[in-house]
1. Which shape class applies to chain B: rounded if a/c is under 1.5, otherwise prolate when a/b exceeds b/c and oblate if not, where a ≥ b ≥ c are the square roots of the Cα gyration tensor eigenvalues?
2. Could you pull the accessible area for A:Val57 with a 1.4 Å probe, rounded to 10 Å²?
3. Within the range A:2-117, what whole-number % of the accessible surface is contributed by carbon and sulfur, with the 1.4 Å probe and all protein chains included in the calculation?
4. Counting Lys and Arg as +1 and Asp and Glu as -1, what is the net charge of the other residues whose Cβ lies under 11 Å from the Cβ of B:Asn189?
5. Among B:Asn5, B:Val49, B:Leu60, which residue has its Cα positioned farthest towards the positive end of the charge dipole of the range B:3-69, with +1 placed on the Cβ of Lys and Arg, -1 on the Cβ of Asp and Glu, and the dipole taken about the Cα centre?
6. Taking the Cα centre of the range B:53-95 as the origin, how large is its charge dipole in debye, to the nearest 20, when only Lys and Arg (+1) and Asp and Glu (-1) carry charge on their Cβ atoms?
7. Got a number for carbon plus sulfur as a percent of the range B:79-195's accessible area, 1.4 Å probe?
8. Just to be sure I understand the interface: list residues from the range A:51-92 that lose 50 Å² or more of accessible area between the chain on its own and the complete protein assembly, 1.4 Å probe.
Amino acid sequence: MKHCLVVDDSRVIRKVACRILEDMEFSCIEAEDGQQALDKCRQAMPEAILLDWNMPVMNGIDFLKALRNESGGDKPVVVFCTTENDMGHITEALRAGANEYIMKPFDSDILSAKFAEVGLI
Amino acid sequence: MNSANFEFLANLLLKKSGHVLSPEKGYLLDSRLGPIARKEGLSSVEELVQSMRTGNDQRLSWAVTEAMTTNETFFFRDRTPFDLFKSEVIPHLAENRRPGSKARIWCAAASAGQEPYSLAMILREERSALRGVQMDILASDISDKVIEKAKAGLYSQFEVQRGLPVQLLVKYFQKQGDLWQVDPSLRQNISFKTFNLLNSFQTLGTFDVVFCRNVLIYFNQQTKTDILNRIASRLAPDGFLFLGAAETVLGLTDAFEPVAGKRGLYKRKAIAQAKVA
Ligand SMILES: C[S@@+](CC[C@H](N)C(=O)[O-])C[C@H]1O[C@@H](n2cnc3c(N)ncnc32)[C@H](O)[C@@H]1O
């Protein structure tokens, strides 16, 4: 089973995302902010990361930059999932090493389409 | 709906768009035609059809026909046809057409434009593989509404997240308020046109590639056969035809045969080619 780390400061969003991902046969790990996410990655790199942008402590983009500098941190497929929906944010995310980008609100169709796009399913 | 009204409507659609209105599709009537009934100041779809039977309002029967089309589509739908376009069609045309010559693609049921724009993006990405062969796209659909939308090239956030890789969104779209607009340069080689597949293809010219996807499903056997044969007569002898995942030529025409192992891709049959030569 593939592991997906769901990083979002909203408990509700994490639950919704995990329910969809579990239907897609992922096992989910949750983190509330970038720092927690980085700690989880240092314990074990997941195959996939669904990543919010605005979070306390450490935001999504800082987490992504830090992750890509970790050993093995180039492996996880990172899909942003955020309300930030302007070209500036999207290009910044791609430049920092994001593989795909979901603009909220999302549903299971969008999530599975984007995961298929990057070869996760 | 009473059966005389249903039959009237079914006949109208068959004549105008070739669509088969089977009783199982009756559930669509209220959602599709209700808005038209209200606009006409009528209290129900039943009354709308009743009034169509007595009057002979062409504008109204056209609006009803258009409202009964299903325009569901998305970027790079089903993926495989677009992969095959890249791996089979482009190399073949690059090899068999002269540099500087024009090859033509027809999206025969283009809906709101996602299919032709997906092709236009591939053509741009694969420009060097084309070795100087120019590709133009004709995007047509029976519905004015979707052709207008396709021309405008404006899509909602939801639409640009269905099938479109974010790298291509960034490269070929601009944000306009809440919507996303296709880059004008991508529209350059596409012409948009309202066109009914029941009409003669004579005026359209000839094509090297035809995408006729997810539209044959709405027609009866006879209409499917007729359209496929007429596509064959407009297609270069070595041209390609793409159909939707639930569609086939088998049992309908001898003009085409499936390309082994390439789902959704068809070529003109060798015998047919010999006749043309
Ligand atoms: C389900 S969409 C398919 C769009 C696209 N080819 C795809 O596969 O995503 C079917 C389209 O066929 C169009 N259509 C239906 N009947 C037609 C006809 N007689 N002539 C031309 N287009 C027609 C509809 O308006 C609709 O936009």
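The values are calculated or read from the model by the stated rules, or taken from the named source; none is laboratory data. The structure displayed is predicted, hence computed values, not measured ones. When we count neighbours, we look across all protein chains shown, and the Cβ atoms used for this are built from the backbone with ideal geometry, even at glycine. Please note that ligands, DNA and RNA were not included when accessible areas were found on the heavy atoms of the full protein model with its side chains. Shrake-Rupley method; radii C 1.70, N 1.55, O 1.52, S 1.80 Å.
1. Since a/c reaches 1.5 but b/c is at least a/b, the shape of chain B is classed as oblate.
2. Taking all protein chains as shown, A:Val57 has close to 130 Å².
3. 47 percent
4. My count for the surroundings of B:Asn189 gives +3.
5. Selected residue: B:Leu60.
6. Magnitude of the dipole: close to 220 debye.
7. Carbon-and-sulfur percentage of accessible area, whole number: 47.
8. A:Asn85, A:Met87
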